[in-house]
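Working notes, beginning with the structure itself.
The values are calculated or read from the model by the stated rules, or taken from the named source; none is laboratory data. Just so it is clear, the structure is predicted and the values come from calculations on it, not from any experiment. As a convention, Cβ positions derive from the backbone with ideal geometry for all residues, glycine included, and neighbour counts pool all protein chains shown. Side chains included, ligands, DNA and RNA excluded: accessible areas come from the protein's heavy atoms. Shrake-Rupley method; radii C 1.70, N 1.55, O 1.52, S 1.80 Å.
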Amino acid sequence: VNAHNVVAELRGSTRPEEVIVVGGHLDSWDLASGATDNGLGAFSILDLARALVASGQRPARTIRFVLFMGEEQGLLGSRALVAHYAQHRQLEHIACMINLDMSGNPRGFGVGGPAGWRPLMDDLCTRIAAVDSSVFKGEVREELWLHSDHQPFLMAGVPVLYPLSDLGKHVYACYHSSCDDIHLVDPKAMVNNVRSTGMLLLGLANAPALPGHFTREELRTRLVDAGLEGPLRIGGDWPF
């Protein structure tokens, strides 16, 4: 069957050619409704778009909201979108990608990017925590991982960001199972996801400058140091 990504954007006011992608997958396993994997992330993206438009903010850079299809079948939607960007020479305009997959109540953000991204994230997360530290603690981690929609972007050298969340054992016990249903969703988790990610988005979109992409050798070194060469080779995704 054919399936489709859902894409919308808030066009930048002064740097529209520079794009920040915020995405998460719309599909789920068919054993249940996929409420936390990834209804929670998907609805957060919809609410991010709603909230940013309602706020009247006109960020300098373009923010592109993407609901990916086919993540559970092998990152099909995100692979297709990255391939489309590469074919049309648009990848160089993607400043970074933020992935919302089973994310809620962020205490900080993880970042996978070359030099310059960690200091920027330290600064932005400190500023977010100063606004609202009830849940968000300003934590920043540099950690690479795989098997979600950020992976194709990462493998193309695009810096990737993601909320640091802990939804609780009761949620993870229902991962990919018949109990991943609406009773697991705490609405506050989505609200906090939107608040923290929304502030991060505006901070990135309005920053005077953003660090660049990985070079090929930088990416290879980071993947090897993270112990990801083996899993990528097994999956047929090792490009070096």
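Run the lone-cysteine check on the chain: no other Cys C-beta under 4.7 Å from the residue's C-beta.
Isolated Cys, the chain: CYS96, CYS125.
State, in angstrom, two size descriptors of the range 6-53 derived from its alpha carbons: Rg to one decimal place and Dmax to the nearest whole number.
Answer for the range 6-53, Rg first and Dmax second: 13.4, 45 Å.
Calculate the FRET efficiency for ALA207 and LEU31 from the Cβ-Cβ distance with a Förster distance of 51 Å, rounded to the nearest 0.05.
Once the sixth-power term is evaluated, E becomes 0.75.
Specify which residue in the list SER165, ASN2, VAL111 is farthest towards the positive end of the charge dipole of the chain, using unit charges on the beta carbon of Lys, Arg (+1) and Asp, Glu (-1), about the Cα centre.
Going by the Cα projections, it comes out as VAL111.
Give the longest segment of the chain that steers clear of trypsin sites (Lys or Arg not before Pro) in DSSP loops with at most 14 neighbouring Cβ atoms within 10 Å, not counting the sites themselves. It would help to have the intermediate numbers written out before the result.
Numbers: sites that count: ARG11, ARG89, LYS137.
Here the longest segment lacking exposed loop sites spans 138-240.
Calculate, in nm to one decimal, what HIS170 and GLU17 gain on full extension: separation in residues at 0.36 nm each, minus their alpha carbon distance.
So the chain would gain 50.8 nm between HIS170 and GLU17.
Using a Förster radius of 35 Å, what is the FRET efficiency between GLN90 and ASP122 based on their Cβ-Cβ separation? Nearest 0.05, please.
0.75
If you bin the C-alpha pair distances of the range 1-139 every 5 Å from 0, what whole percents do you get?
Taking every Cα pair in the range 1-139, the percentages come to 2, 9, 15, 20, 23, 17, 10, 4, 1, 0.
Mind computing the radius of gyration and Dmax over the alpha-carbon atoms of the range 79-211? Å is fine for both.
Spelled out, the Cα radius of gyration and Dmax of the range 79-211 are 15.7, 46 Å.
With a 1.4 Å probe and all protein chains kept in place, how much accessible area does TYR175 have, in Å² rounded to the nearest 10?
Accessible area of TYR175: about 120 Å².
When every alpha-carbon pair in the range 64-138 is counted, what percent end up more than 16 Å apart?
In whole percent, the share of Cα-Cα pairs in the range 64-138 beyond 16 Å is 64.
Can you tell me how the range 130-203 classifies by the Cα gyration tensor, rounded, prolate or oblate, using a/c under 1.5 as the rounded cut?
Verdict is oblate for the range 130-203.
Ignoring everything but the protein chains, give the 1.4 Å probe accessible area of CYS125 in square angstrom, nearest 10.
That residue has around 0 Å² of solvent-accessible surface.
Can you show me the helix-derived [θ] at 222 nm for the chain, built from DSSP H runs with n ≥ 4 at -39,500 (n - 2.57) apiece and divided by the number of residues, rounded to the nearest 500.
The helix contribution divided over the chain gives -11000 deg cm²/dmol.
Per 0.36 nm of contour for each residue apart, how much would the distance between ALA115 and ILE182 grow if the chain were fully extended, relative to their Cα-Cα spacing?
Result for the pair: 20.1 nm of gain on full extension.
Expected output is a single nm value to one decimal: the length gained when fully extending between SER133 and GLU229, i.e. 0.36 nm times separation in residues minus the C-alpha distance. What is it? Numbers along the way, then the final one.
Values: separation 96, 0.36 × 96 = 34.56 nm, distance 3.69 nm.
Roughly 30.9 nm would be gained on extension.
Averaged over every viewing direction, what's the projected area of the C-alpha convex hull for the chain? Give it in nm², one decimal, please.
12.9 nm²
Which order, highest average first, do 203-209, 151-157 follow once you tally other Cβ atoms within 10 Å for each residue and take the mean per peptide?
Those peptides, ordered most packed to least, come out 151-157, 203-209.
Could you calculate the FRET efficiency of VAL53 with THR221 from 1/(1 + (r/R0)^6), where r is the beta carbon distance between them and R0 is 35 Å, rounded to 0.05?
0.30
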